[in-house]
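Everything below concerns the one structure shown next.
The values are calculated or read from the model by the stated rules, or taken from the named source; none is laboratory data. Bear in mind the structure is a predicted one, so any value in this text is a computation, not a measurement. Cβ sites come from the backbone with ideal geometry, for glycine too, and all protein chains shown count toward neighbours.
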Amino acid sequence: MNSYISQLQKDGKLNKVLHKTQWQFTKKPFIISGPCSVESEDMIVNWALKLKELGVDALRGGAYKPCTYPITRTIGDNGWKEGLRETGLEFLKTARQESGLPIVSEIMDVQQINNLSMDAIDMIQVGTRNFQNYTLLDELGKLDKNVLLKRGTWGTIDEILGAVERLLVGGKARVAICLRGVVGAPSYRHVFPQIRWAPDIMMIPALKELCNIPIIYDPSHSTGYRNFVPAISRAAMAAGADGLALESHPDPDNSISDPDQAITIETLQEIMESIK
Ligand code: PEP
Ligand code: MN
């Protein structure tokens, strides 16, 4: 094997020195929660207040939403077009102001970095689809921002570490890795059609051996199915994750995006109590 990692192993240099980063959010477990997608100002503000009351540490909400099929790009009549986009970011700003929660939200391209609403985001999410968008990673690395890098559904361990290094080379970004399930959905998918990905729990201890980067586990996208979210949350924490990113919604079945995996506030509370 001739990888960067194996070379470091051979040289005896691979002792948690490979990657150093100053993640700003050090509470453990660090809980990120919120809807897949920002749907309206009322919804995101009220939900933020509820999450804050529960003890959640950061609010997630997609403003720019990459949809798998273009046909799902426009939903409803409130201007949602692969997200509420700049308007969604404004709503997130209000939610932060009202709740005090830092905001986690995805951006999809370099152009969006320059968007005036960018100060709405405290932790920029790089989604699975952009995991190896090196132009984007190079630019994000230069920002004095927290970056939550989601693993591409195909990403090998070398590709994960390589993408993290891309960000760190920029010299400014503070990075955490988010594991969110990988290709190879389980053989029982015909019984549970919501399942799209296979949980990647073993990557947690694997990365922990190699680097000091915080690891946030996403049981929502990993399972795709809300009934499995509590068990996989506990499994990820038991495996050493530093925190969780959980999609939650006031009316899960009617979520604009990812309805099958959204959990209620009660389930979220149960999960948080069970991993204390
Ligand atoms: C998300 O977290 O909103 C999301 C789109 O996830 P992923 O990029 O992992 O599919
Ligand atoms: Mn989602």
Regarding segment 261-274, can at least one residue be identified that is within 12 Å of ligand 1 (Cβ to nearest atom) and either polar (S, T, N, Q) or crowded, with 17+ Cβ neighbours inside 10 Å (or both)?
yes
Would segment 212-224 turn up any residue that is out of contact with any strand residue (DSSP E or B) (no Cβ under 8 Å at 6 or more places or on another chain), over 15 Å from residue 196 (Cα atoms) and modelled with pLDDT of 95 or more?
no
Say we look at segment 134-148 and pick out the residues that are outside any helix (DSSP H, G or I) and more than 16 Å from ligand 2 (Cβ to nearest atom); which of these is nearest to residue 201 (Cα to Cα)?
147
For residue 170, indicate whether it is away from ligand 1 (no atom under 13 Å from the Cβ), of a type in the set (Gly, Ala, Ser) and in contact with a strand residue (DSSP E or B) (Cβ under 6 Å, 6 or more places away or on another chain).
no
Kindly provide the set of residues from segment 205-224 that are within 12 Å of ligand 1 (Cβ to nearest atom), assigned to a loop (DSSP other than H, G, I, E, B) and surrounded by fewer than 24 Cβ atoms within 10 Å (Cβ to Cβ), ordered by number.
224
Complete set of residues in segment 246-266 that are within 16 Å of ligand 2 (Cβ to nearest atom), outside any loop (DSSP other than H, G, I, E, B) and more than 17 Å from the chain's Cα centre (by Cα):
252, 253, 254
Considering only helices (runs of 4 or more DSSP H) fully contained in segment 23-133, which possess at least 3 residues that are within 16 Å of residue 256 (Cβ to Cβ)?
41-54, 85-99
From the residues in segment 225-245 that are touching a residue at least 40 places away in the same chain (Cβ under 8 Å) and surrounded by fewer than 21 Cβ atoms within 10 Å (Cβ to Cβ), which one is farthest from ligand 2 (Cβ to nearest atom)?
234
In segment 265-273, is there at least one residue being touching a Ser or Thr at 6+ places or on another chain (Cβ under 6 Å) and at pLDDT 95 or above?
yes
Can you spot a residue in segment 109-117 that is surrounded by 23 or more Cβ atoms within 10 Å (Cβ to Cβ) and of a type outside the set (Phe, Trp, Tyr)?
no
Select from segment 245-257 the residues that are at pLDDT 95 or above and within 12 Å of ligand 1 (Cβ to nearest atom) and list them in ascending order.
245, 246, 247
Within segment 225-245, the residues that are assigned to a loop (DSSP other than H, G, I, E, B) and closer than 13 Å to residue 31 by Cβ are 241, 242
Odd one out for residue 200, checked against (1) closer than 18 Å to residue 177 by Cβ; (2) away from ligand 1 (no atom under 14 Å from the Cβ):
(2)
Condition test on residue 49, is it among the hydrophobic types (A, V, I, L, M, F, W, C), more than 16 Å from ligand 2 (Cβ to nearest atom), touching a Lys or Arg at 6+ places or on another chain (Cβ under 6 Å) and in contact (Cβ under 8 Å) with a residue 40 or more places away in the chain?
no
